[in-house]
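Enquirer: This is the structure, below, for whatever I ask next.
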Amino acid sequence: MRILHIQDFGPLAFQTAALLKTMVVSVDSVGSIACAADALEANKYDLTIWDVDAVSPEAIDKLPDLRARSPKTQVLICGSNETIQIVVAAIEKGADDFILRPVRPDELRIRIQQASARAPDLSNGRESSEFGPLRIDITQGDVSVDGVSLNLTPRERSVLHVLMRARGNVVSKDQIAARVFSLNEDADPQSIETYVHRLRRKVDHPAFTIETLRGLGYRLTATNKA
């Protein structure tokens, strides 16, 4: 899951950012609406989290424009009791959900799961993705095969999640890199080969395989051998 976090880089926003780092998500942080608009034009996001503790009420007027730039991206507003009027205004302008401080880890996970369920292209409204005996929890990041948890790195889990969501369709290296690297990282499509190689060793099962289609990319396919 890729999240765009709009924040003022103050202490309250940093608390949200710190919680997001504990989850298996890729997070891009920007400090203004203008930067958020540019990011939404250049990348695909599953969710936008907007910290509104330090924004002016007038800034919320720009929310419809952000929604228009990426209609499928869910918007979660994060505020406090002191900014509740701004939170309410954001909901009226088209935000999908809100969360008030102090933000608890479990509550943030629930909000992200609910956003995932509402979005048209996220895991068919489930809190987990499944492909035969292969299962991955969207926010907790636990990956299992036949109920047995696998020891994957966060980046390996992200690559696997992209392949699972493609449901047998081919995904190019560039497409995978765009989903698993954040803006402050060097998105090297060639490194995807390394992650796929590791996944083949760690996620070995007769019911499915990760195919390489030279010049095109990768796809997760069922083998019907289970």
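Where a number appears in this text, it was derived from the coordinates with a stated rule and is not lab data. Just so it is clear, the model here is predicted, and its values are computed rather than measured. Methodologically, a virtual Cβ is constructed for each residue, glycine included, from the backbone with ideal geometry; neighbour enumeration extends over all protein chains shown.
Enquirer: State whether the residues of region 180-187 include one that is hydroxyl-bearing (Ser, Thr, Tyr) and free of Cβ contacts under 8 Å to residues at least 24 places away in the same chain.
Expert: No: region 180-187 contains no residue that is hydroxyl-bearing (Ser, Thr, Tyr) and free of Cβ contacts under 8 Å to residues at least 24 places away in the same chain.
Enquirer: Given the options LEU63, LEU12, LEU76, LEU40, name the one that is part of a helix (DSSP H, G or I) and touching a Leu at 6+ places or on another chain (Cβ under 8 Å).
Expert: Of the residues listed, the single one that is part of a helix (DSSP H, G or I) and touching a Leu at 6+ places or on another chain (Cβ under 8 Å) is LEU40.
Enquirer: From the list ASP51, ASP65, ASP38, pick out the single residue that is surrounded by 15 or more Cβ atoms within 10 Å (Cβ to Cβ) and of a type in the set (D, E, K, R).
Expert: ASP51
Enquirer: Name the pairs whose Cβ atoms lie under 7 Å apart, with the first residue in region 83-105 and touching a residue at least 24 places away in the same chain (Cβ under 8 Å), the second surrounded by 19 or more Cβ atoms within 10 Å (Cβ to Cβ) and in a loop (DSSP other than H, G, I, E, B), and 6 or more positions between them or separate chains?
Expert: THR83/VAL52; THR83/ASP53; ILE86/VAL52; ILE86/VAL55; VAL87/VAL52; ALA90/VAL52
Enquirer: Something else: Which condition from (1) buried (at least 19 other Cβ atoms within 10 Å of the Cβ); (2) more than 16 Å from the chain's Cα centre (by Cα) is the one that VAL30 breaks?
Expert: The one condition VAL30 does not meet is (2).
Enquirer: Could you list, in sequence order, all residues of region 166-181 that are part of a helix (DSSP H, G or I) and surrounded by fewer than 20 Cβ atoms within 10 Å (Cβ to Cβ)?
Expert: Within region 166-181, LYS173, ASP174, GLN175, ALA178 meet the criteria.
Enquirer: Right, another one. So which residues in region 71-82 are over 17 Å from GLN15 (Cα atoms) and either crowded, with 20+ Cβ neighbours inside 10 Å or in contact (Cβ under 8 Å) with a residue 40 or more places away in the chain (or both)?
Expert: Selection gives LYS72, THR73, GLN74, VAL75.
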